[in-house]
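Below is one structure, written out as structure tokens, with a few remarks after it.
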Amino acid sequence: MKTYINTGNKDTRSGFGDGLTELGQTNENVVALCADLIGSLKMDDFKANHPERFFQVGIAEANMIGLAAGMTIGGKIPFTGTFANFSTGRVYDQIRQSVAYSDKNVKICASHAGLTLGEDGATHQILEDIGLMKMLPGMTVINTCDYNQTKAATIAIANHQGPVYLRFGRPKVANFTSEDQTFEIGKALHLVEGSDVTIVATGHLVWEALEAAKTLNERGISAEVINIHTIKPLDDEAIIKSVSKTGSIVTAEEHNFLGGLGESVARVLATKKPTPQEFVATKDTFGESGTPEQLMEKYGLNSQAIIKAVETVLKRK
């Protein structure tokens with residue numbers, strides 16, 4: 001079984017900040033807008049080096065989206081930055097009308113997503129943003145797993161024509177993907193080959209899926225692990241190919257099981273390859289205050305929960 005090494009815990013929002021810094025040096029059309037959260041989004045360096053291309057809009061997220069949409073008309077590539085809750089729920093109408101409907105080349109970059117926002121509590125923890133964004137026609141939805149992948153994705157979306165929702169997090173998590181990777185939108189990554197069950201995971205749950213696969217392997221269960229960093233467009237082919245071999249699947253995400261990765265996978269299976277599936281996700285609930293570790297444990301978003309789901313789905317084969 002292939003193993004992955006954690007080179008040191010790093011926050012994915014820093015991957016975004018460093019990717020934006022590199023873009024600032026290499027692409028003069030990239031502009032950045034922030035809703036009063038420069039430090040939290042790690043946009044300090046871009047602001048310092050390119051003040052003429054940085055726009056602090058204050059706590060006015062709807063205005064930020066409108067400004068970004070307008071900037072695309074002049075050929076600019078705007079990257080907006082704020083918390084995921086404010087990037088989507090607070091400004092959904094503006095995104096729908098000014099960005100998605102108008103097919104504007106805006107990159108909506110959202111930090112502090114999911115339960116791992118932690119102590120800020122339920123009002124700031126959004127668990128429905130993937131569903132909101134993937135339902136918008138033409139919107140690409142990306143949810144990265146570690147620092148290196150977030151940096152690579154940030155750089156890659158600048159070359160993608162069309163609106164993008166890039167989701168990442170606040171806490172320091174395992175950094176295990178390649179430092180020099182090429183990020184390909186819509187292409188799933190096979191991390192571990194297996195024959196008994198497929199585990200497809202996104203975001204912070206990818207590392208948990210790898211940890212689960214190691215434990216399962218010690219128990220004689222061969223788990224295939226796939227990193228689904230792009231939820232829309234989804235890599236249907238990779239999913240079908242894997243379940244055709246394993247005959248069962250577990251989906252894992254830091255998001256509501258309604259509207260997230262799991263439902264997208266279920267659609268693929270229902271229409272192309274009916275397969276037993278179990279979901280590791282929050283169950284139609286809001287979050288609460290607590291440390292990221294406490295919340296992931298309470299809401300069943302860790303390797304132990306994935307192992308339990310695998311044991312359940314194997315009984316249904």
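Computed extension length for Asp36-Asn159: 41.6 nm, one decimal, from 0.36 nm per residue of separation with the Cα-Cα distance subtracted. Centre-to-centre, using Cα atoms only, segment 133-209 and segment 35-100 are separated by 21 Å. Where the alpha-carbon atoms of segment 129-263 are placed on the principal axes, they occupy 44, 29, 24 Å, in descending order.
Distance between the 7 Å Cα→Cβ label points at Asp93 and Thr312: 3.9 nm. Can you tell me which of Pro276, Pro137, Pro233 moves the most in a GNM of the chain? Springs connect C-alpha atoms under 10 Å apart. The residue with the greatest mean-square fluctuation here is Pro137. Of all the options Lys214, Lys107, Lys232, the one that moves most in a Gaussian network model of the chain with Cα springs shorter than 10 angstrom is Lys214. Based on the alpha-carbon gyration tensor of the chain and its eigenvalue square roots a ≥ b ≥ c, which shape applies: rounded if a/c is under 1.5, prolate if not and a/b is larger than b/c, or oblate? It comes out prolate by the Cα gyration axes. Basic side chains Lys and Arg get +1 at the Cβ, acidic Asp and Glu get -1 at the Cβ, and with that the dipole of the chain about its Cα centre reaches some 680 debye. By the helix-only formula, in which each DSSP H run with n ≥ 4 contributes -39500 (n - 2.57) and the sum is divided by residues, the chain has a 222 nm mean residue ellipticity of -10500 deg cm²/dmol.
Ranked by the mean number of other Cβ atoms within 10 Å per residue, highest first, peptides 285-293, 200-208, 185-193 order as 200-208, 185-193, 285-293.
Beyond 22 Å between alpha-carbons counts as too far, so tell me which of Lys187/Lys283; Lys272/Lys317; Lys172/Lys283; Lys76/Lys232; Lys172/Lys298; Lys10/Lys241 fall in that bin. The pairs that break the limit, which is 22 Å between Cα atoms, are Lys187/Lys283; Lys172/Lys283; Lys76/Lys232; Lys10/Lys241. In segment 10-173, taking the dipole from charged Cβ atoms about the Cα centre, the farthest positive-side position among Asn63, Ile73, Phe168 is held by Ile73. Remind me, relative contact order of the chain in percent, using alpha carbon pairs under 8 angstrom and six or more residues apart? This gives 19 percent for the chain. Peptides 6-16, 112-122, 163-173 ranked from most to least packed give 163-173, 112-122, 6-16, packing being the mean of other C-beta atoms within 10 angstrom over each peptide's residues. Candidates Met43, Ala266, Cys145 compared by Cα position along the dipole of the chain: farthest toward the positive end lies Ala266, with charges placed on Cβ.
Antiparallel beta bridges, as assigned by DSSP with both residues in the chain, represent about 15 percent of the total such bridges. The charge dipole of segment 167-317, taken about its Cα centre with unit charges on the Cβ of Lys, Arg, Asp and Glu (plus for the first two, minus for the last two), comes to roughly 460 debye.
Between Glu184 and Lys2, the FRET efficiency estimated from the beta carbon spacing at R0 = 25 angstrom works out to 0.80. Only Lys, Arg, Asp and Glu carry charge here, each on its Cβ (+1 for the first two, -1 for the last two); on that basis segment 10-173 has a dipole of about 220 debye about its Cα centre. Each residue, Ser102 and Arg219, gets one label point 7 Å from its Cα in the Cβ direction; the gap between the two is 5.2 nm.
Read-outs throughout are calculated quantities, based only on the coordinates presented, and are distinct from any laboratory measurement. Fair warning: this is a prediction, and the values are worked out from it, not measured in the lab. As a convention, Cβ positions derive from the backbone with ideal geometry for all residues, glycine included, and neighbour counts pool all protein chains shown.
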